[in-house]
Amino acid sequence: MEKFTHRIKGHPKGKIIRDSIHGDIFLSDLEFRVIDTPELQRLRRIKQLGMTQLVYPSANHTRFEHSLGSLELAGRLAERLGLSDEEKIKVRLAALLHDVGHGPLSHTSEELLARYLEEPHEKISREIVEKSNIAEVLNDEGIDPREIGEIVFGGSGYLGKIVCGDFDVDRMDYLVRDAHHTGVAYGIIDLDRILNTTEIRDGSLVISERGLRAVEALLVARFLMIPTVYLHHASRIADAMFLKATEKAIEEGLDYRMLYKMDDYDIQNLFRNSEGYVRDIGRRFDERRLFKKAYVRSWTELSEDLRSRLMLLREDVEKWKNIEKSIAGDCGLEYGYVLLDVPPLPEYKEVDAEIYINGKISRLADESALVGILMEAQKRQWNIGVYAPKENLKEVRKACENLGSYL
């Protein structure tokens, strides 16, 4: 353990990787061995923001870069908290490995993986850590892969909270990284202030009162990034097309269990070498001939009853498919050329983060007036959409005037 710490601090024999966000990232020999496993190297070929590069051309950064950035922030926070050498090793490794279970195009495929595997990517990451080449490397160094997997999944107390909690290094890194690579100015947050005001109290990871404004600024940054980047309409249309084409490929024989072993190039080649609908969607991506918005309605434009029925579709995939088939049939179109997009309401896990204020530990939501404002305002960022090829918009738009009748 002393050797590891010496190399992290003094770097006489360690490895250095230059990062566009954090500058030099110093790695131990163990971390470098983990990075060189096929499971970690696959993340070099998975875009962090999936289809968003069709909107923001420079958004070509990868899960690999983000994983290194998360490791760096986890290391800095571990140092700030005064964790033991053993804890530093574990939390840095867990931060490095937390996204190893992502499928191609990152969150674009996550909904499909959850639908078929009924598992979040964190659970898949945990299984990979415990049962792959990564496990062999960890075992060789006397580290139990199950302990690292537990932290990846948010367990082991404050160690898990650093990696996968209400206020973790994952979102700190992706916000600044996504803002940098898309070129937008909304994801700028005060990382130093947040890291330097994080404490451990009564076994919990908390933000001190001095960090309250920095935490609120992070919430505002994420609130602005959601409509600008994460839920940009063109990205949502591309995501919907990708999900439908991949779903069709699964129906035609693709083993869905292979998805989390594939990368962006694998799925693109699959589309190009398929037939029928899947091939057509692949060509549309290659030529950037995306579907267009035929029908869009915001939270306030929909009745409470219609909102409720639409949100229930997220739990009834077969009904969702049948609605798309019905609208397409009424418009004389093949299934797959009318896509209904019902996104979940944006989540703010940070509202449950704990803050130490006035001598006691409280929820952020109970101490920040801004939280309530953002929670209410987020509804105005939400809308449902129906997408179709440009040449079919008129008939699809007309059919959707009575959307409620399809539900």
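The values are calculated or read from the model by the stated rules, or taken from the named source; none is laboratory data. Note that the structure is a prediction, hence the values are computed from the model and not measured. When we count neighbours, we look across all protein chains shown, and the Cβ atoms used for this are built from the backbone with ideal geometry, even at glycine.
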Exercise for the section: Could you please find all residues in segment 298-337 being over 16 Å from residue 405 (Cα atoms) and not small (Gly, Ala, Ser)? Expected result: 299, 300, 301, 314, 315, 316, 317, 318, 333, 334, 335, 337
Practice task
Starting from residues that are among the basic types (Lys, Arg) and surrounded by fewer than 17 Cβ atoms within 10 Å (Cβ to Cβ), keep the ones in segment 44-61 and report whichever is nearest to residue 97 (Cα to Cα).
Solution key: 44
Problem - Extreme residue, modelled with the lowest pLDDT, among residues of segment 292-332 that are more than 24 Å from residue 232 (Cα to Cα) and either outside any helix (DSSP H, G or I) or among the aromatic types (Phe, Trp, Tyr) (or both) - result: 316
Exercise for the section: Identify, by number, the condition in (1) crowded, with 22+ Cβ neighbours inside 10 Å; (2) over 23 Å from residue 369 (Cα atoms); (3) hydrophobic (A, V, I, L, M, F, W, C) that residue 234 doesn't meet. Expected result: (1)
Problem - Per-region count, segment 272-282, residues surrounded by fewer than 21 Cβ atoms within 10 Å (Cβ to Cβ) and not in a loop (DSSP other than H, G, I, E, B) - result: 5
Fill in the blank from the handout: Selection from segment 345-363 of residues in contact with a Lys or Arg (Cβ under 9 Å, 6 or more places away or on another chain) and under 14 Å from residue 211 (Cβ atoms) yields 350, 353, 354, 355, 356, 361
Practice task
State all residues of segment 372-392 that are surrounded by fewer than 18 Cβ atoms within 10 Å (Cβ to Cβ) and farther than 22 Å from residue 166 by Cβ; if no residue qualifies, say none.
Solution key: 380, 389, 390, 391
Fill in the blank from the handout: Being in the same structural domain as residue 23 (by TED's automatic domain parsing) and closer than 28 Å to residue 177 by Cα narrows 99, 144, 140 down to just 99
Completion exercise
Picked from segment 95-116 (must be out of contact with any Leu (no Cβ under 7 Å at 6 or more places or on another chain) and more than 25 Å from residue 240 (Cα to Cα)), the residue modelled with the lowest pLDDT is 98
Completion exercise
Per the filter on segment 304-332, residues of a type in the set (S, T, N, Q) and either surrounded by 17 or more Cβ atoms within 10 Å (Cβ to Cβ) or in contact (Cβ under 8 Å) with a residue 24 or more places away in the chain (or both) are 326
Exercise for the section: Filter segment 333-371 down to the residues that are modelled with pLDDT of 90 or more and touching a Phe, Trp or Tyr at 6+ places or on another chain (Cβ under 6 Å), then identify the one that is surrounded by the most Cβ atoms within 10 Å (Cβ to Cβ). Expected result: 339
Practice task
For segment 190-220, name all the residues that are over 20 Å from residue 78 (Cα atoms), small (Gly, Ala, Ser) and crowded, with 20+ Cβ neighbours inside 10 Å.
Solution key: none
Problem - residue 122 buried (at least 17 other Cβ atoms within 10 Å of the Cβ), modelled with pLDDT under 95, in the same structural domain as residue 100 (by TED's automatic domain parsing) and among the acidic types (Asp, Glu) - result: yes
Fill in the blank from the handout: Reported set for segment 319-377 where residues are of a type in the set (Asp, Glu) and within 30 Å of residue 242 (Cα to Cα) is 324, 330, 334, 341, 347, 350
Exercise for the section: Name the residue, out of 137, 100, 129, 91, that is crowded, with 16+ Cβ neighbours inside 10 Å, in a loop (DSSP other than H, G, I, E, B) and at negative phi. Expected result: 100
Exercise for the section: All but one of (1) more than 30 Å from residue 204 (Cα to Cα); (2) in a helix (DSSP H, G or I) hold for residue 386, so report the exception by its number. Expected result: (2)
Practice task
Name the single residue, out of those in segment 286-303 being under 18 Å from residue 389 (Cβ atoms) and among the aromatic types (Phe, Trp, Tyr), that is surrounded by the fewest Cβ atoms within 10 Å (Cβ to Cβ).
Solution key: 295
Exercise for the section: Residues being closer than 30 Å to residue 233 by Cβ and among the aliphatic types (A, V, I, L, M): count how many of those fall in segment 25-65. Expected result: 7
